[in-house]
Amino acid sequence: MAQDEEQEVKTQLYDQFALIGKALGSARRLELIDLLSQSEYTVEKLAEESNMSVANTSQHLKTLRAARLVDVRREGVVAYYRLSDEAVFQTWQMIRDLGEACIAEIEWLTGRLFQDRDHQRLIPFAELLTMLEEASVSVVDVRPQREFEAGHIQGACSIPLKELPSRLPEIDKDKEVVVYCRGPYSTLADKAAKTLMAKGYSVRQLEQGFPEWRTQGLPIGSGLELIPTS
């Protein structure tokens, strides 16, 4: 292969890699990837969850699909979007880790987002796994029910944050409660923990979210599980 031709092919090759860089080079598209790591969603629901217009959400999904980061599944006239591979979420994890290591503003902004968080109440995966094996904990998933049904920590029960105040009697006060949600930048579990502590529950928060638990190969379930009665 001639040198000029070789350079042309290499440029075209790097152009293909750049499609992924372009797709990931948007804060709103990263947020959509974070949401799609929980469950597949319609464009309308993604727009609602991300506080974007349907038109803008659709354009961002088009870019993600062009880079093969998102797939679409159709049921009749309804289109459901999902990540094309678990590696997409893992790439988002690596971007987060790199950002936290290199950009001081991320730590400052995270501190603002969780300014009332009691970090001593965070529980690591290994400790929760032991407590689940000993049946000494009630684990509550406070994400929307659709996300819970798509996948959740095995042994957890679904009480979406919006339903928590009216469903407190379903949670056993004699056990320690662990709440979890979408991940390290989601505030759902923090809000749930505050509600539970105000009502006298002993509560802790998982240090990360369900996608991180899943990526580590820890036990997961799907579908809807009922809260065990005491």
Practice item. Please say if the stretch 117-156 is rounded, prolate or oblate, where rounded means a/c under 1.5 for a ≥ b ≥ c the square roots of the C-alpha gyration tensor eigenvalues, and otherwise the choice is prolate for a/b larger than b/c and oblate otherwise? Key: oblate
Exercise for review: Go through Val179, Ser50, Val88 and say which Cα lies farthest out towards the positive end of the charge dipole of the chain; charges sit on Cβ, +1 for Lys and Arg, -1 for Asp and Glu.
Suggested key: Ser50
Review point. Highest mean first, what order results for 105-113, 134-142, 158-166 on Cβ atoms within 10 Å?
Key: 134-142, 158-166, 105-113
**Study point:** Protection-proxy order for peptides 50-61, 207-218, each taking the mean of Cβ atoms within 10 Å per residue, highest first
**Key:** 207-218, 50-61
Check your understanding: Considering amide H positions built from the backbone, and no H for Pro or chain starts, which residues 5 or more places from Thr42, or on another chain, come under 5 Å of its amide H?
Key -> Tyr81
Review point. Within the set Lys45/Lys191; Lys45/Lys175; Lys162/Lys199; Lys22/Lys162, which residue pairs have Cα atoms separated by over 27 Å?
Key: Lys45/Lys175; Lys22/Lys162
Practice item. Starting at the first residue of the stretch 197-207, write each ³J(HN,Hα) from the Karplus equation 6.51 cos²θ - 1.76 cosθ + 1.60 with θ = phi - 60°, in whole Hz, x for Gly and Pro. Key: 4, 5, 9, x, 7, 8, 9, 10, 10, 5, 5
Exercise for review: In debye, nearest 20, what is the charge dipole magnitude of the stretch 3-85 about its Cα centre with +1 on Lys and Arg Cβ and -1 on Asp and Glu Cβ, if you could check?
Suggested key: 300
Study note, to complete from the structure: Sorted by chain and then number, the residues having a modelled amide H within less than 5 Å of the amide H of Glu176, at least 5 places away or on another chain, are Ser138
Check your understanding: So for the pair Val54, Ala126, with labels modelled 7 Å out along Cα→Cβ, what separation do we get in nm?
Key -> 4.9
Check your understanding: According to the square roots a ≥ b ≥ c of the eigenvalues of the Cα gyration tensor, what is the shape class of the stretch 64-158, taking rounded for a/c under 1.5, prolate for a/b larger than b/c otherwise, and oblate for the remainder?
Key -> oblate
**Study point:** Contour excess over end-to-end distance, with Cα ends at Met1 and Glu163 and 0.36 nm allotted per residue
**Key:** 51.8 nm
Study note, to complete from the structure: For the chain, the dipole about the Cα centre with charges only on Cβ (Lys and Arg +1, Asp and Glu -1), to the nearest 20 debye, works out at 740
Exercise for review: Specify the angular offset, from 0 to 90 degrees and rounded to the nearest 10, of the alpha carbon long axis of helix 86-102 from the longest principal axis of the alpha carbons in the chain.
Suggested key: 90
Review point. Under the classification rounded if a/c is under 1.5, otherwise prolate if a/b is larger than b/c and oblate if not, where does the chain fall, given a ≥ b ≥ c as square roots of the Cα gyration tensor eigenvalues?
Key: prolate
Point to revise | Beta bridges per DSSP with both ends in the stretch 116-221, % antiparallel, nearest 5 | key: 15
Revision key, fill the gap. For Ile123, other-chain or 5+-apart residues with amide H closer than 5 Å (H placed, Pro excluded) are Gln205, Leu206, Glu207
Revision key, fill the gap. Ala87 and Lys175 label points (each 7 Å along its Cα→Cβ direction) are spaced in nm at 3.9
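Where a number appears in this text, it was derived from the coordinates with a stated rule and is not lab data. Small disclaimer: the values here were computed from a predicted structure and weren't measured. Positions of Cβ are generated from backbone atoms using ideal geometry, with glycine treated the same way; all protein chains shown enter the neighbour counts.
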